[in-house]
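**Student:** This is the structure I want to talk about, given as structure tokens.
Nothing in this text is a laboratory measurement; each read-out follows from the coordinates by a stated rule. Note that the coordinates shown come from a computational prediction; the quantities given were computed from them, not determined experimentally. As a convention, Cβ positions derive from the backbone with ideal geometry for all residues, glycine included, and neighbour counts pool all protein chains shown.
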Amino acid sequence: MGSPDTDALIEMRGITKRYAGVTALDEVDFVVAPGEAVCLAGENGSGKSTLIKVLSGVEQPTEGTIRIGGERMTGLTPRRAAAAGVLVIFQDFSLFPNLTVAENIAFVSELAEHRQFFNRRAARETARRVLERIGVDIPLDARVEHLPVAHKQLVAICRALACEARLIIMDEPTTALTEREVRRLLGIIRLLKDEGVAVVFVSHKLAEVLEVSEKVVVLRNGRKVAEGPAEDFDAASLTRHMTGRDVARASPGAFGGTAETLLKVEALNKPGSFSNVSFEMRRGEVLGITGLLGSGRTSLAKALFGLVAPDSGRITLDGQNVPLGDPVAAARARIGYVPEDRLTEGLFLTQSILRNVAVGRLDSHERRGFLDMKALIGEAGDWLTRLKVKTPSLSAPVTSLSGGNQQRVALARWLARAPKMLILNGPSVGVDVGSKAEIHDIIRDLGAQGLGVIVISDDLPELLATCHRILVMRGGEMVEEIEGGSITETELAHKMAS
Amino acid sequence: MTSLITRNETLVAVVIVLFCIIAAVSDPNFLTVTTLSDLLRASIVLGILAVGAMLVLISGGIDVSFTAVAVSAMYMTTKFSLAFAPEMPWFLIFTLSVLLGAGLGAINALFIAGFGLPTLIVTLGTLSVFRGFLLTFVGSDRISALPPDMREFSRMVIARGTTESGDFYNLPWSLAALVAVVLLTAFILHKTMLGRSIFAIGGSVESARRIGINVRRTQVFVYVYVGALAGLAGILHGSMNRMADPFSLVGLELSVIAAVVLGGARLIGGYGTITGTLLGVALIVLVQNSLIVIGIPSTWQSVTIGALILLGTGLPAYQAKRAAARAG
């Protein structure tokens, strides 16, 4: 258990959290000193989110003790944690888009003071002081919905500071930022540390924040597997600790086959989203398209499937012209698209697993205007077995499945249509580590079977592990083409951001 | 402020001015104190209901039951007064109706804040239940023999007179009720943490929960307050029409919501201003009462209102969608 550390700002000892038989955290110790920056690393499902929820009072630990500033906390709630100076900046920032910058910043501290009345001038004054403290100039009266992502993050930081934060926990702080914005964020973090504010970064992409951190803690499967000074870690060793594998899975290398061209994209143009995008893809090739948020990768992915209508350009599949901006025609040309947010765009969550697969095949099982239910269900069940969807019953709703299995259901629907080409947008967003590896295996298999697969992702290890070739987008343009196996993760990250 | 020209308020104000200009040109009698006082009178009940509906929209919900609340509170109050205390002074009658309205609003709050059910479903249900209950168990007769003090109230005027051309006009005290509702609501929305919390939960319920806003308590307040406003609007309606009609008011809810949406409140929550809402009400009242003046047959009323909604709310929504697609 270890002896109490009197100087620690946060001292969590022997934290265990069990949910209905599943152990999310197992005897984890976590200590943060004032003014210290700590990287809390781990893959999805490693327990890092649970640890943060316990620390911020959202969840109660099954066992273990929490001390904040030496004081033993029992029955911690989000409000009590905030009052003790522990504030979380969620990945979505949890701001109010309809309120002004000033009000967003001042809201929590005003609630904490149990105020009944709202004073616009006082709120502005609070906000102005905090913005000045970190040396940032954002118009106080702008509505938050109109701000760029980096500014929203700064507003969220200011809101934490307005509550006299002693520890700021940042969830995936650099995901949506450009390299320059990351620089500025790191500058502000240094400033806060000098003032004695501690910071915990929670992320699976930590290379960027390592340089301002003193300590790294790595969780895997609910256990602490590594802890030490930040200078002892680099991107490779972090990945090794997080995945438990010695080396990242080997890249499939450059595409070797001499297969014919499957897809040809010529001068695709959509002002404001992407411009002059051209590339070719051969049968059996797995092609990665990457770029930061807002680089146009998502619009391009949607344009390939007709969900976004480009102003000009040409898409040909197997020598046949595919009409632009027409998803029905794209599906008829046997292009499949698995969206990033499968929960809202791809699946009928409350419907059964079987029906979710079958719905993509309704028209192929028509007999004189009636539906051949037996053939339809048989085929869907067949695909679900082939993709190893783990479920006690195929008639259970999709909501009952884990993220990885939901992704398989979405894949099964498209595979049942025998596509020539599949576009996978963020194929492993929000799935656990094990499922991720399996999804990567599936992607490689699809390529091996002669499908063309496009993987759209900003998960660099994922791209490196699955793609023969990676196209990098920046500001709506295709800026780089990289052969698989010829680049490291760090180099790729630089190419995306610079 | 560049946003001033694209705001709904501005758009609605421009349409109102245009309407008045055209009306004044086609009928010189339009721009008189008499018309103004008629329009004001017609705006009172609609205005109070609209302020309530706006509050619900800001909080991220939608209420379609408020007309049933209004008519139930009004009719039950009238029945009660006639049966047990016909000599009740008007302010007690009003208080009773407001309390009944708040009570019915609390039933909405129970389902919405207590059980977490969708607001449209709940209020669609209570709209039917409240009205059905009223007509089945309380009564379905139109009562024109109101308690004397309720009738008396409708005769109390702030100002009355005859214009030089001989037209009669008056401003009833019920107008003061609208003014009071507007001032009170503006104070709550802009000067209290409760009001800011209403905006906050409309902006993002999840964020509100995370920073420790008591979402349930805020919702309870919203639905009870809206019920109370409906109770007030109902009793004013009965008093001004000098009749307690259990079949009245219900059916108006969509016109009221239309007025609020025209004024810039968004159905997704988080947005809405009192100025905009009042302008929206003014426009709807103008269309309902004076369309004939500018030469459009009154059968075209609902077409006109519908077209205004499509234009007034569709245009900004379309622009926002375009902007989002560009950012995509």
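**Student:** Rounded to the nearest 0.05, what FRET efficiency is calculated for B:Ile21 and A:Glu179 with R0 set to 51 Å and r the Cβ-Cβ distance?
**Tutor:** So the FRET efficiency works out to roughly 0.35.
**Student:** How shielded is A:59-68 by partner chains, expressed as the average number of their Cβ atoms within 10 Å of its Cβ atoms?
**Tutor:** Other-chain Cβ atoms within 10 Å of each residue's Cβ, averaged: 0.
**Student:** Continuing with this model, one more query. Students often forget the sequence filter, so: which lysines lie under 19 Å Cα-Cα from A:Lys495 once same-chain residues fewer than 8 apart are removed?
**Tutor:** A:Lys205
**Student:** Let me ask something additional. Which of B:Thr95, B:Thr275, B:Thr32 moves the most in a Gaussian network model of chain B with Cα springs under 10 Å?
**Tutor:** B:Thr32
**Student:** What is the Å³ per residue value for the convex hull set by the Cα atoms of chain B?
**Tutor:** Values: hull volume 51.6 nm³, N = 328.
In chain B, the Cα convex hull volume per residue is 157 Å³.
**Student:** Further, regarding this structure: With runs of 4+ DSSP H residues as the only contributors, calculate the mean residue ellipticity of the protein assembly as shown at 222 nm using -39,500 (n - 2.57) per run, divided by the residue total and rounded to the nearest 500.
**Tutor:** Working: 29 runs with 385 residues, N = 826.
That calculation yields -15000 deg cm²/dmol at 222 nm.
**Student:** In the stretch B:287-306, whose amide N lies under 12 Å from the spot 7 Å out along Cα-to-Cβ of B:Leu31? List them in ranges.
**Tutor:** So the set is empty, nothing qualifies.
**Student:** Here's another thing I want to ask about it. Apply the Karplus curve 6.51 cos²θ - 1.76 cosθ + 1.60, θ = phi - 60°, to the phi angles in the stretch A:409-416 and return the couplings in whole Hz, x for Gly and Pro.
**Tutor:** Whole-Hz 3J(HN,Hα) from phi for the stretch A:409-416: 4, 4, 5, 4, 4, 6, 5, 4.
**Student:** Moving to a separate point now. If you take each beta carbon of peptide A:292-304 and count the beta carbons of other chains within 10 angstrom, what is the mean?
**Tutor:** 1
**Student:** OK, next. Amide H neighbours of A:Arg220 under 5 Å, counting only residues 5+ apart in sequence or on other chains, H built in-plane at 1.01 Å?
**Tutor:** A:Val225
**Student:** Next up: Amide H to amide H, which residues 5 or more places from B:Thr192 or on other chains are under 5 Å from it, using H placed in the peptide plane?
**Tutor:** Those qualifying (amide H under 5 Å, at least 5 residues apart or on another chain) are A:Phe118.
**Student:** Each label point is 7 Å from the Cα along the Cα-to-Cβ direction; what then is the distance between the points at B:Arg151 and A:Asp141, in nm?
**Tutor:** 5.4 nm
**Student:** Same structure again: Against the globular-protein guess of 2.2 N^0.38 Å, express the Cα radius of gyration of the protein assembly as shown as a ratio, rounded to two decimals.
**Tutor:** The value comes to 1.12.
**Student:** If you don't mind, another one. Can you give me the Kirkwood hydrodynamic radius for the stretch A:10-243, using every pair of distinct Cα atoms, in Å to one decimal?
**Tutor:** 18.1 Å
**Student:** Can I ask one more? Roughly what would the spin-label model give for A:Gln351 and B:Val14, points 7 Å off Cα along C-beta, in nm?
**Tutor:** Each label point is offset 7 Å from its Cα along the Cβ direction, giving 4.4 nm.
**Student:** While we're looking at this one, here's another question. In chain B, which longest range has no GluC sites (Glu not before Pro) that are both DSSP loop (not H, G, I, E or B) and surrounded by at most 12 other Cβ atoms within 10 Å? Intermediate values should be presented prior to the final figure.
**Tutor:** Numbers: sites that count: B:Glu87, B:Glu164.
Looking at chain B, B:165-328 is the longest stretch - no exposed GluC sites (Glu not before Pro) with at most 12 other Cβ atoms within 10 Å.
**Student:** Let me ask something else. Enumerate by residue number the trypsin sites (Lys or Arg not before Pro) in the stretch B:123-174 meeting two conditions: DSSP loop (anything except H, G, I, E, B), and at most 13 other Cβ atoms within 10 Å of the site's Cβ.
**Tutor:** Here the trypsin sites (Lys or Arg not before Pro) that fit, given the DSSP loop and packing criteria, are B:Arg142.
**Student:** Under 5 Å between amide hydrogens, which residues at least 5 positions from A:Val308 or on another chain qualify, with H placed 1.01 Å from N in the peptide plane?
**Tutor:** So A:Val308 has HN proximity to A:Ala303.
**Student:** Here's something else I'd like to know. Taking 7 Å along the Cα-to-C-beta vector as the label spot, tell me the A:Thr488-B:Val138 distance in nanometres, rounded to one decimal.
**Tutor:** Going from the A:Thr488 label point to the B:Val138 one covers 7.7 nm.
**Student:** Which links in A:Lys48/A:Lys193; A:Lys224/A:Lys388; A:Lys193/B:Lys191 stretch past 26 Å when you go from one Cα to the other?
**Tutor:** Details: A:Lys48/A:Lys193 22 Å; A:Lys224/A:Lys388 31 Å; A:Lys193/B:Lys191 36 Å.
From the list (A:Lys48/A:Lys193; A:Lys224/A:Lys388; A:Lys193/B:Lys191), the Cα-Cα distance tops 26 Å for A:Lys224/A:Lys388; A:Lys193/B:Lys191.
**Student:** Using 0.36 nm per residue of separation minus the Cα-Cα distance, give me the extension gain between A:Glu231 and A:His114 in nm, one decimal.
**Tutor:** In short, 37.8 nm is gained.
**Student:** Ok, one more. From the residues A:Ala102, A:Gln351, A:Val32, which one has its Cα farthest along the dipole of chain A in the positive direction, the dipole being from +1 and -1 charges on Cβ of Lys/Arg and Asp/Glu about the Cα centre?
**Tutor:** Going by the charge dipole, the pick is A:Gln351.
**Student:** In 5 Å bins starting at zero, report the fraction of Cα pairs in the stretch A:261-497 per bin as a rounded %.
**Tutor:** Distribution as computed: 1, 7, 14, 18, 20, 17, 12, 7, 3, 1, 0, 0 percent.
**Student:** Next question. Can you order the peptides A:29-40, A:128-139, A:272-283 by their average number of other Cβ atoms within 10 Å per residue, highest first? List each step's numbers first, then the result.
**Tutor:** Values: A:29-40: 21.3, A:128-139: 15.0, A:272-283: 18.5.
Averaged packing, sorted descending, gives the order A:29-40, A:272-283, A:128-139.
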